[in-house]
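Enquirer: Sharing a structure with you now.
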Amino acid sequence: MTPEPSRLVLAFDTAGPYVCAAVLRGPDVLAHTIEDLSRGQAERLMPLLEETLAAAGVGWDALDLLGVGIGPGNFTGIRISVAAARGLALALERPAIGVSGLDAQAADLPRPCLATVAARRGGIYVQLHDTDPGIFHPPALLAEDALNGALFPRGIPVTGDGAEALAARTGGPVLAPTPLAIGIARLALLRADEAPGRPTPLYLRAADAAPARDRPPPILE
């Protein structure tokens with residue numbers, strides 16, 4: 001299955017310590033931008049999208065759809081990009097397609113392969129991408145001390161920012177990932193004819209913040 005060659009997509013992601021965006025027309029990359037940024041993503045995202053569109057030589061009204069990274073990653077970063085995609089979809093009356101970062105980074109890689117995203121506290125998000133695209137392996141969060149006991153095909157290629165630790169256990173090569181925003185755009189184009197719905201964050205770890213245990217003060221009428 002190949003993307004419709006005339007469709008124009010803007011894809012972006014803020015699930016990690018970065019802001020990235022890409023504009024593709026079918027398989028062709030018109031512009032790609034990434035900035036390392038651990039704070040201020042909410043303020044930087046929209047200006048960066050404007051700059052990326054300008055670099056591609058297109059305007060908002062030319063877009064056919066949006067692609068957005070839905071995680072896994074930083075809770076706040078995921079919410080920033082997903083909320084922006086939902087708002088833009090409403091304003092532009094265009095579909096917004098949510099794409100996992102684990103899918104996006106493996107978009108241009110041979111199958112089978114393992115995609116990884118480093119998690120907090122030494123863990124790794126990992127997903128197996130099979131040779132058969134009809135077989136779906138759900139992503140998982142593995143703690144560092146569980147990696148030795150995890151079962152993966154020997155010699156399988158590994159990609160992503162947790163690849164070195166996992167490749168040391170599988171004996172497979174480390175492959176450079178598809179640039180994240182480009183991978184999101186490619187998969188958004190492939191999935192454009194599916195029922196879009198609304199992009200939904202992919203959370204594989206419970207939130208660090210917990211509800212307050214103290215009872216709230218009574219409301220006086």
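No value in this document is a laboratory result; all are computed from the given coordinates. All figures in this text were calculated on a predicted structure; none of them were measured in a lab. Counting neighbours? That spans all protein chains shown, and the Cβs are built from the backbone with ideal geometry, glycine included.
Enquirer: Check residue 204: other-chain or 5+ apart residues with amide H under 5 Å from its amide H, H built from backbone geometry?
Expert: Amide H to amide H, under 5 Å and 5 or more residues apart or across chains, residue 204 pairs with 73.
Enquirer: Express in nm, to one decimal, how much length is gained between residue 137 and residue 200 on full extension, taking 0.36 nm for each residue of separation and deducting their alpha carbon distance.
Expert: Taking 0.36 nm per residue and subtracting the Cα distance, the gain is 20.8 nm.
Enquirer: Moving on to the next point. Starting at the first residue of the range 159-166, write each ³J(HN,Hα) from the Karplus equation 6.51 cos²θ - 1.76 cosθ + 1.60 with θ = phi - 60°, in whole Hz, x for Gly and Pro.
Expert: These are the phi-based 3J(HN,Hα) values: 9, x, 7, x, 5, 4, 5, 6 Hz.
Enquirer: Given H placed 1.01 Å from N in the peptide plane, which residues other than close sequence neighbours of residue 18 have an amide H under 5 Å from its amide H?
Expert: Long-range HN contacts for residue 18: 37.
Enquirer: Which residue, 184, 156, 135, has the most motion in a Gaussian network model of the chain that connects Cα atoms within less than 10 Å?
Expert: Result for the chain, Cα springs under 10 Å: 135 fluctuates most.
Enquirer: How far apart, in nm, are the 7 Å Cα→Cβ label points at residue 35 and residue 90?
Expert: 2.6 nm
Enquirer: Is it possible to state the helix-based mean residue ellipticity at 222 nm for the chain, with each DSSP H run of 4+ residues giving -39500 (n - 2.57), the sum divided by total residues, to the nearest 500 deg cm²/dmol? What is it?
Expert: After summing the helix terms and dividing by the residues of the chain, the value is -8000 deg cm²/dmol.
Enquirer: Still on this structure, please answer the following. If you average the alpha carbon positions of the range 103-149 and of the range 1-65, how far apart do those two centres end up, in angstrom?
Expert: For the range 103-149 versus the range 1-65, the Cα centre distance is 24 Å.
Enquirer: Over the alpha-carbon set of the chain, divide Rg by the Kirkwood Rh and report the Rg/Rh ratio to two decimals.
Expert: Ratio value, two decimals: 1.02.
Enquirer: Which FRET efficiency value, to the nearest 0.05, is calculated for residue 76 and residue 144 with the Förster distance at 25 angstrom and r the Cβ-Cβ distance?
Expert: 0.60
Enquirer: Treating only the Cβ of Lys, Arg, Asp and Glu as charged (+1, +1, -1, -1), what charge dipole size does the chain show about its Cα centre? Round to the nearest 20 debye.
Expert: My answer is approximately 460 debye.
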